[in-house]
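Computed from the coordinates by the stated procedures, all read-outs in this text should not be read as laboratory data. Note that the structure is a prediction, hence the values are computed from the model and not measured. When we count neighbours, we look across all protein chains shown, and the Cβ atoms used for this are built from the backbone with ideal geometry, even at glycine.
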Amino acid sequence: MSKCCVECFRDSRVRAFVSENGSQRGCEFCHREGETSIDPAALAPMFEEVMGCFELEAVASPVGANLPSFPSTGQPLADLIQRRLQIFGEGPRSEGPPPVLRLSRLFAEPWQHALLTAIVSARDGRTLPLEQRWVFKGPRHANLSAVGHWDRFSTSLLKERRFIPSYTAGEVEMRKILEEALLLSARQLDNSIALFRARIGCEPGDLASGALLAPLPLSELGAPPFTKTRRGGRVNPPGIPVLYLASDADTAVCEVRPYVGAYVSICSWTVDKPVLVADLSNVEPPDTVFGHEDLAWHLECRELLEELSLSFALPIDPNDWSTQYVPTQYAAEVIRDMGFGGVGYQSVYGTGVNIALFDERAAKAAIPVLRRVTGLTYETKPMPNLPGLFT
């Protein structure tokens with residue numbers, strides 16, 4: 001009888017169950033030796049909750065022999081579970097450097113497919129078609145997922161009504177959906193973390209001390225005044241300043257988009273007391289997917305967080321900034337009204353994270369320093385050869 005071990009899983013509850021109920025022996029799936037192992041059939045009751053979130057895809061074919069069939073959006077069940085839930089572990093580590101792209105988070109490995117088959121087939125003795133196309137089950141609200149509601153709501157903000165939104169999801173307002181999802185993003189920012197802000201520019205130095213140039217004063221490195229916020233930003237609507245900070249100095253410099261040879265003034269900031277922020281910079285999978293009152297809705301909320309994370313990190317055409325920031329500005333207003341002190345999101349230009357604090361008084365700055373930009377780095381990637389594009 002095949003056994004699976006504790007290292008076959010990432011989910012903390014499954015790991016705990018295997019540790020408490022297994023025995024020391026080898027693993028026939030991830031092939032680790034000496035780990036606590038268990039019969040996969042013992043996990044079948046736990047996976048009932050997970051299986052209830054997915055169903056076989058029903059792909060409707062259009063009428064007419066000459067019409068193409070609709071593309072499938074489903075995946076084999078093990079791939080879908082690994083992408084949405086990340087229950088499985090990574091298996092044994094191979095020699096050599098780790099891969100750049102964590103494909104294990106997107107697709108299940110063959111041994112994970114085999115393990116899921118062993119678990120699920122123990123439910124009632126039937127062999128389910130796990131390699132066919134499966135999809136996430138229907139959403140809770142008005143036949144639209146939380147992400148679907150956000151997409152429609154964003155379109156409404158951009159093209160219909162901006163200040164008094166008219167879009168509702170049946171009886172459930174978009175704001176309530178957002179709030180449920182954003183509660184999962186709460187992180188505490190404490191005063192042990194240094195954040196950075198940069199601005200292009202400098203001042204004449206103190207010639208008596210031999211310094212020809214000096215950084216801008218602190219008064220120039222805080223949240224901008226009203227007169228300089230008329231364009232708005234990714235987080236703030238026009239005229240409402242926020243304090244944009246970055247997780248490291250290089251990211252702060254990248255955010256001001258300097259030219260080669262520019263002088264950049266930089267200062268570090270720390271918060272005076274812990275600040276609760278909505279962290280959209282890296283939406284990690286939950287420690288466990290078990291024990292939620294409504295797992296399907298919990299997964300929808302996490303997917304909405306991932307969509308918000310992409311929205312905040314998405315590059316914007318500088319010629320179209322006035323409207324494209326509106327959805328993220330709305331989300332930031334909801335975050336602020338929920339009592340968060342700021343929002344974190346992945347930088348578009350640097351490798352770090354941006355933190356926008358709603359109240360500049362929540363942080364204090366250190367003495368600024370001056371740097372000069374000596375080079376810029378751009379990354380490109382090949383584009384697919386689209387037929388007929390240049391013919």
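Can you list the lysines whose alpha carbon sits under 20 Å from that of Lys137, skipping same-chain ones fewer than 8 residues off?
Answer for Lys137, where 20 Å is the Cα cut-off: none of the lysines qualify.
Roughly how big is the range 186-372's charge dipole about its Cα centre, with Cβ charges of +1 (Lys, Arg) and -1 (Asp, Glu), in debye to the nearest 20?
The dipole magnitude comes to about 940 debye.
Once you order the gyration tensor axes a ≥ b ≥ c over the Cα atoms, which shape class does the range 269-387 get: rounded for a/c under 1.5, otherwise prolate or oblate by comparing a/b with b/c?
Taking the square roots of the gyration eigenvalues as a ≥ b ≥ c, the range 269-387 is oblate.
Please work out the Kirkwood hydrodynamic radius for the range 186-372, using every pair of different C-alpha atoms, and report it in angstroms with one decimal place.
In the range 186-372 this quantity evaluates to 17.7 Å.
Percent of alpha carbon pairs in the range 234-289 separated by more than 14 Å?
Value for the range 234-289: 72 percent of Cα pairs lie more than 14 Å apart.
Please state, as a whole number in µm²/s, the translational diffusion coefficient that the Stokes-Einstein equation yields for the range 339-382 at 37 °C and 0.692 mPa s, with Rh defined as the Kirkwood radius across alpha carbon pairs.
Diffusion coefficient, whole number: 234 µm²/s.
State the percent of C-alpha pairs, over all pairs in the range 181-287, separated by a distance greater than 17 angstrom.
Looking at the range 181-287, the distances longer than 17 Å represent 66 percent of pairs.
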